[in-house]
1. Within region 199-213, is there a residue that is in a loop (DSSP other than H, G, I, E, B), open to solvent by 10 Å² or more (accessible area, probe 1.4 Å) and in contact with a helix residue (DSSP H, G or I) (Cβ under 6 Å, 6 or more places away or on another chain)?
2. Looking at (1) buried (at least 17 other Cβ atoms within 10 Å of the Cβ); (2) out of contact with any helix residue (DSSP H, G or I) (no Cβ under 6 Å at 6 or more places or on another chain); (3) not in a helix (DSSP H, G or I), which is the one condition that is false for PHE393?
3. With the checklist (1) under 20 Å from the mean Cα position of the chain (by Cα); (2) assigned to a helix (DSSP H, G or I) in hand, flag the one item VAL269 doesn't pass.
4. Within region 416-442, work out how many residues are surrounded by fewer than 15 Cβ atoms within 10 Å (Cβ to Cβ) and over 39 Å from the mean Cα position of the chain (by Cα).
5. Identify, please: which residue in region 45-71 is of a type in the set (D, E, K, R) and closer than 18 Å to ASN183 by Cβ and is, among those, surrounded by the fewest Cβ atoms within 10 Å (Cβ to Cβ)?
6. Which residue pairs have Cβ atoms under 7 Å apart, sit 6 or more places apart or on different chains, and have a first residue in region 237-251 that is open to solvent by less than 60 Å² (accessible area, probe 1.4 Å) and a second that is assigned to a helix (DSSP H, G or I) and not β-branched (Val, Ile, Thr)?
7. Which pairs do you get when a residue that is over 14 Å from LYS31 (Cα atoms), found in region 5-19, comes within reach of a residue that is among the hydroxyl-bearing types (Ser, Thr, Tyr) and open to solvent by less than 70 Å² (accessible area, probe 1.4 Å), reach meaning Cβ atoms under 8 angstrom, with the pair 6+ apart or on two chains?
8. Can you say whether TYR119 is open to solvent by 20 Å² or more (accessible area, probe 1.4 Å), assigned to a strand (DSSP E or B) and of a type in the set (Phe, Trp, Tyr), as far as the supplied structure shows?
Amino acid sequence: MALNGFQIFKMTPKKNCKECGCPTCMAFSMKVAQGAMDISACPHMSQDALDALSEATAPPMKTIKIGVGDNENSLGGETVLFRHEKTFVSKTRYAVALCTDMDDAAVEAKLAEIPKVDYERIGERMHVELIYVNCGEGADAAKYTALVEKAAALGRTLVLGCEDPEIAKAALAVCKDSKPVLNGANASNYEAMNAVATEAGVVLGVSGKDLNELYDTVAALEKAGNKNLVLDVTGENAKDTFANAVLVRRAAIQDGDRTFGYPSIVNLVKIARGDKFAQAALASMFTMKYGSVIVMEEMTYAEALALFGLRQNVFTDPQKPMKVEPGIYPINGADENSLVLTTVDFALTYFVVSGELERSGVPCNLTVSDAGGLSVLTSWAAGKFSGGTIAKFIQEEVEPKVKCRKLVIPGKVAVLKGDIEAKLPGWEVIVGPREAVQLVKFLKDMQA
């Protein structure tokens with residue numbers, strides 16, 4: 001049962017030591033109740049209190065870790081049904097499927113295509129994070145293990161689709177250190193699969209012919225002591241799968257039923273059935289409702305542009321602006337003598353402006369000051385992008401590193417020109433264009 005801030009406060013040491021980062025124990029308790037902080041952030045909390053509070057304050061959906069190192073991904077941990085209520089926590093991960101039914105040429109071709117989707121968008125790497133390796137009907141341990149080894153060589157986290165405990169055990173022998181998911185437990189084999197997954201120390205995927213069977217199987221696994229699970233909610237068709245995904249998430253978050261409080265897998269290979277257009281549409285739908293892992297037959301660059309853009313929008317905290325780090329960003333081989341431009345730290349503004357500057361081919365230093373993650377006009381109106389803040393940033397961060405004394409400011413804040421010049425003796429302040437798309441012509445005209 002969720003606790004309120006006062007109930008949590010009663011169990012704190014009440015030292016007001018500020019070591020947790022909050023001014024008082026009451027402030028800390030309120031943040032824990034809101035899900036903004038973890039109870040373990042208090043260094044003086046007794047073990048009895050931690051044990052009592054950890055379960056009560058934990059998210060209704062368990063956070064599951066898969067992969068290791070740079071490939072480690074978090075699944076689940078969600079606290080709301082709708083993003084606007086608070087935020088979604090762990091973004092959807094996409095997997096490309098391989099199967100033992102495929103011939104060697106098809107496998108090699110698909111493995112060669114996966115690394116081609118790898119680019120950066122607004123400071124985030126966009127790439128296929130997972131590979132789903134399916135054990136087709138009639139495959140033996142040697143054939144499946146060989147396919148797993150080929151997939152593992154690509155350096156991505158694996159999801160092993162295998163319902164045979166002995167074959168799964170052989171496959172895990174060659175990849176368990178990378179912490180894959182073993183997706184293969186069901187009502188008929190869950191005891192044996194649980195033993196295999198527990199021995200290997202990996203996450204176990206659970207499925208059922210319907211939600212009732214899935215629920216009972218998960219409950220049995222929890223009774224056996226395994227709560228390191230993901231739920232395969234894939235049904236016979238898109239309609240059933242959608243209903244399963246929504247009902248599982250609703251049961252966990254709205255009804256507080258922790259038996260269904262686990263991340264989900266949606267296997268589009270089974271329901272799109274080779275229709276690439278259906279796959280793209282379904283991948284978009286289950287990114288929003290509510291696939292933690294979405295398995296696809298392939299991920300083309302065209303599909304990636306739309307899907308990753310959608311995912312980035314859905315899983316960005318609506319209460320926190322997307323920001324880039326303040327600093328000096330040399331563009332087109334700029335050096336200390338190159339022209340200086342300034343803009344705000346709102347990520348979209350930065351990437352639009354930097355893209356146009358790169359397109360111009362003109363060496364320049366783009367300086368980004370802390371404007372609270374707001375756009376140019378919004379930060380100016382809020383007093384975060386003013387003559388004083390710009391001048392201070394230039395004096396402290398730019399002057400020691402750059403010899404050029406020409407500064408281009410956004411045209412939308414041309415009114416700041418006089419104030420900046422007064423605060424920056426020796427600098428020539430130039431009013432740039434109002435729109436980023438005009439920067440190419442503006443810079444080339446300056447060079448002429």
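The values are calculated or read from the model by the stated rules, or taken from the named source; none is laboratory data. This structure is a prediction, so every number in the text was calculated from the model and none was measured. Glycine also receives a Cβ, built like all others from the backbone with ideal geometry; neighbour counts cover every protein chain displayed. For accessibility, only protein heavy atoms count, side chains too; no ligands or nucleic acids. Shrake-Rupley method; radii C 1.70, N 1.55, O 1.52, S 1.80 Å.
1. yes
2. Evaluating PHE393 over (1) buried (at least 17 other Cβ atoms within 10 Å of the Cβ); (2) out of contact with any helix residue (DSSP H, G or I) (no Cβ under 6 Å at 6 or more places or on another chain); (3) not in a helix (DSSP H, G or I) leaves (3) as the failure.
3. Looking at each condition in turn, VAL269 falls short on (1).
4. Let us first name the residues in region 416-442 that are surrounded by fewer than 15 Cβ atoms within 10 Å (Cβ to Cβ), namely 418, 422, 425-426, 428, 434-435, 437-438, 441.
Still in the running and over 39 Å from the mean Cα position of the chain (by Cα): 418, 422, 425-426, 428.
Residues in region 416-442 being surrounded by fewer than 15 Cβ atoms within 10 Å (Cβ to Cβ) and over 39 Å from the mean Cα position of the chain (by Cα): 5 in total.
5. Residues of region 45-71 that are of a type in the set (D, E, K, R), as a first pass: 48, 51, 55, 62, 65, 70.
With closer than 18 Å to ASN183 by Cβ added as a condition, the list becomes 62, 65.
On the way: LYS62: 19, LYS65: 14.
Filtering region 45-71 for residues that are of a type in the set (D, E, K, R) and closer than 18 Å to ASN183 by Cβ, the one surrounded by the fewest Cβ atoms within 10 Å (Cβ to Cβ) comes out as LYS65.
6. ALA238/LEU282; ASN244/LEU211; ALA245/PHE286; VAL248/PHE260; ALA251/PHE260
7. Sorted first by the residue in region 5-19, then by its partner, the pairs are PRO13/SER46; ASN16/THR24.
8. Details: open to solvent by 20 Å² or more (accessible area, probe 1.4 Å): yes; assigned to a strand (DSSP E or B): yes; of a type in the set (Phe, Trp, Tyr): yes.
Here the answer is yes, as TYR119 does meet what is asked.
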